1. What is the extension gain from residue 56 to residue 176, computed as 0.36 nm multiplied by their sequence separation minus the C-alpha to C-alpha distance, in nm to one decimal?
2. Estimate the FRET efficiency between residue 32 and residue 165 by the formula 1/(1 + (r/R0)^6), using the beta-carbon distance for r and 25 Å for R0, to the nearest 0.05.
3. Label residue 119 and residue 42 with points 7 Å out from Cα along Cα→Cβ: what is the distance between them in nm?
Ligand SMILES: NC(=O)c1ccc[n+]([C@@H]2O[C@H](COP(=O)([O-])OP(=O)(O)OC[C@H]3O[C@@H](n4cnc5c(N)ncnc54)[C@H](OP(=O)(O)O)[C@@H]3O)[C@@H](O)[C@H]2O)c1
């Protein structure tokens with residue numbers, strides 16, 4: 001009986017695609033330390049594919065800090081009526097936002113993906129610096145679309161962080177805009193990834209410093 005239930009469950013669940021769509025400074029920051037992102041305004045008003053991307057996802061997974069910024073700016077409406085999952089390890093009190101479907105999840109990226117798959121989600125838009133980094137480390141990101149703005153801000157909230165081993169990406173496409181924005185799309189898992197993981201010489205620099 002249990003095995004039959006398991007088989008049925010497997011049949012109804014589909015593998016979730018997890019994508020990142022974000023903008024950064026050329027030196028890789030999503031926002032300034034105070035959560036502002038005035039430096040991302042270059043090329044504003046020109047379509048950069050966000051509308052099409054958003055139309056392709058059925059769930060938006062936001063780190064709590066990104067959610068806070070979205071709420072503060074009153075930008076929740078940008079997501080239309082899409083299902084929004086906010087990740088947080090603390091109790092969240094969602095305001096009653098008309099038309100929005102908000103829910104909270106917590107756990108490892110694998111657990112979150114499993115929960116989303118179990119509820120029928122097919123394509124997730126994963127957003128937030130820590131969130132993206134955790135999902136990447138867990139092997140739970142399939143695609144990254146990053147639009148780089150030609151500005152160096154020196155400090156801020158980074159898109160990428162430490163990884164346990166080299167993560168190889170496959171370049172899909174790059175396009176540039178008259179404003180100087182450069183948008184690149186990558187699939188995670190390039191040819192090198194398939195050959196085998198490249199071990200990272202962890203903290204080699206730190207060791208030298210300390211010795
Ligand atoms: N330029 C862009 O395109 C772009 C895109 C996204 C975000 N941003 C900016 O980036 C900044 C936020 O990035 P961030 O790196 O600070 O944080 P974040 O990823 O938005 O939020 C981090 C928080 O999310 C929660 N969280 C993450 N993974 C979780 C998990 N597996 N289970 C439970 N909770 C989890 C935790 O919340 P708790 O502490 O509540 O437990 C954690 O502290 C904001 O300024 C935002 O506006 C910019």
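Where a number appears in this text, it was derived from the coordinates with a stated rule and is not lab data. Note that the structure is predicted; figures quoted are calculated from it, not measured. Here the Cβ is made from the backbone with ideal geometry for all residues, glycine too, and neighbour counts use every protein chain on show.
1. Between residue 56 and residue 176, full extension yields an extra 41.0 nm.
2. 0.25
3. 3.8 nm
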